[in-house]
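The values are calculated or read from the model by the stated rules, or taken from the named source; none is laboratory data. These figures come from a predicted structure and were not determined experimentally. Ideal geometry is used to build each Cβ from the backbone, glycine not excepted, and the neighbour counts take in all protein chains shown. Accessible surface areas use protein heavy atoms only, side chains included; no ligands, DNA or RNA. Shrake-Rupley method; radii C 1.70, N 1.55, O 1.52, S 1.80 Å.
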Amino acid sequence: IKDMADDEAIQATNDDASECKRYAVQLGYWCDPFISLFVKQTARKAPEINRGYYARVKGIELFVDKFLKLSGGKGQIINLGAGFDTLYWRLREAGNSPANFVELDFPSITAKKCYQIKKHKQLIDMLNTEDGEIRFSTTDLHAANYHLVGTDLRHIAELNNKLAQAEVNFSLPTMFLAECVLVYVDASATSSLLKWLAGKFPNSLFVSYEQVNMKDKFGQVMLSNLRSRGCLLAGVEDCESLETQQRRFTINNWEGTSAWTMVDIYDSLPVMDRSRIEHIEMLDERELLTQLLQHYCIAIAWNGQTFKNLSIAQG
Ligand code: SAM
């Protein structure tokens, strides 16, 4: 029963992420015509939170763009713990879709996403359907190059089946996205997942956004950070530092890895864009933003030559 309560609290973290994104989009931090179709109302968020989300979304996009360029239209993106992420539709609108796009989350979340997709013609119409066929169940949706499937990332056999149903080709260039997800999965299940993916996808890139620098000056994991929305951050030990983030990949058979705090990512974004968003809202204490950005990172890992040594340099 305790585990079920934890799982429910974990699923609720998707509401937080989607609401924060919707609020920042509403203020004009970035453009996303689709998020408001998944999230209706939002309460006000502090300016540093909005800037943090801007850095998160732009940081992920930076690697998505690099992946799409390097895979030359033949790649597949697999979004782990996708929640209500709108990346598929944003890429479609930009005319920049990969060959296949798969989203995975708990069935309770994918059911809600399926429902919203069915409800909005604008979302349905953008699913690529060469043969006109879209298959729905309560929790899963299969279109020509978009698949939304309900599963628990801690269960590898089920994941394997779901990827097969989503027409994933293990030998194609593949990008895995885990945006604020692995921290909710306990360390041994994350290890099994990363090891299994490394063994199955020889030509792949993993991009993970999550907490980092979670220990205080005495070396203790900050207790207030152990729970978020009442659920245990089961994977928090791997969030100790950039090194522990990277080690999680290397010990699980990924060939190479890099990691940056969100301070580095924010500073790498184009000056024009930063200057634009810094004028949206006043931020009295710049230090607040820096402190926030220091506690999040993007860690990447790769297998094979195509995605070796990617950096955060623009272009
Ligand atoms: N990636 C989305 C984003 O950044 O907008 C959602 C992030 S939300 C903080 C974390 C998501 O991970 C939730 O949707 C949750 O249901 C999902 N998740 C966590 N553990 C999972 C598991 N074991 N299996 C499937 N999904 C999981």
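Tell me, yes or no, whether the range 8-24 has at least one residue that is more than 10 Å from the ligand (Cβ to nearest atom) and under 19 Å from Ile265 (Cβ atoms). For the range 8-24, residues more than 10 Å from the ligand (Cβ to nearest atom) and under 19 Å from Ile265 (Cβ atoms): present. So, of the residues in the range 199-213 that are within 22 Å of Phe307 (Cα to Cα) and over 18 Å from the mean Cα position of the chain (by Cα), which turns out to be surrounded by the most Cβ atoms within 10 Å (Cβ to Cβ)? It comes out as Phe201. The single residue among Leu91, Leu37 that is more than 26 Å from Thr174 (Cα to Cα), open to solvent by less than 40 Å² (accessible area, probe 1.4 Å) and at pLDDT 95 or above turns out to be Leu37. Considering only residues in the range 40-52 that are farther than 18 Å from Ser275 by Cβ and not β-branched (Val, Ile, Thr), the one that is surrounded by the most Cβ atoms within 10 Å (Cβ to Cβ) turns out to be Lys45. Selection of first residues in the range 43-56 that are on the phi > 0 side of the Ramachandran plot and of second residues that are open to solvent by 20 Å² or more (accessible area, probe 1.4 Å) and of a type outside the set (Val, Ile, Thr), restricted to Cβ pairs under 6 Å at least 6 apart or on distinct chains, gives an empty result.
Filter the range 269-293 for residues that are of a type outside the set (D, E, K, R) and without any contact (Cβ under 8 Å) to a residue 60 or more places away in the chain and give the result. Matches in the range 269-293: Pro270, Val271, Met272, Ser275, His279, Thr290, Gln291.
Of all residues in the range 61-81, those that are within 16 Å of the ligand (Cβ to nearest atom), open to solvent by 10 Å² or more (accessible area, probe 1.4 Å) and among the aliphatic types (A, V, I, L, M) total 1. Where in the range 107-177 are there helices (runs of 4 or more DSSP H), lying wholly inside it, with at least 3 residues that are open to solvent by less than 50 Å² (accessible area, probe 1.4 Å)? In the range 107-177, the matching helices (runs of 4 or more DSSP H) lie at 107-119, 156-165. The combined condition, being closer than 25 Å to Asp65 by Cα, in contact with a strand residue (DSSP E or B) (Cβ under 8 Å, 6 or more places away or on another chain), at pLDDT 95 or above and more than 14 Å from the ligand (Cβ to nearest atom), is not fulfilled by Ser171.
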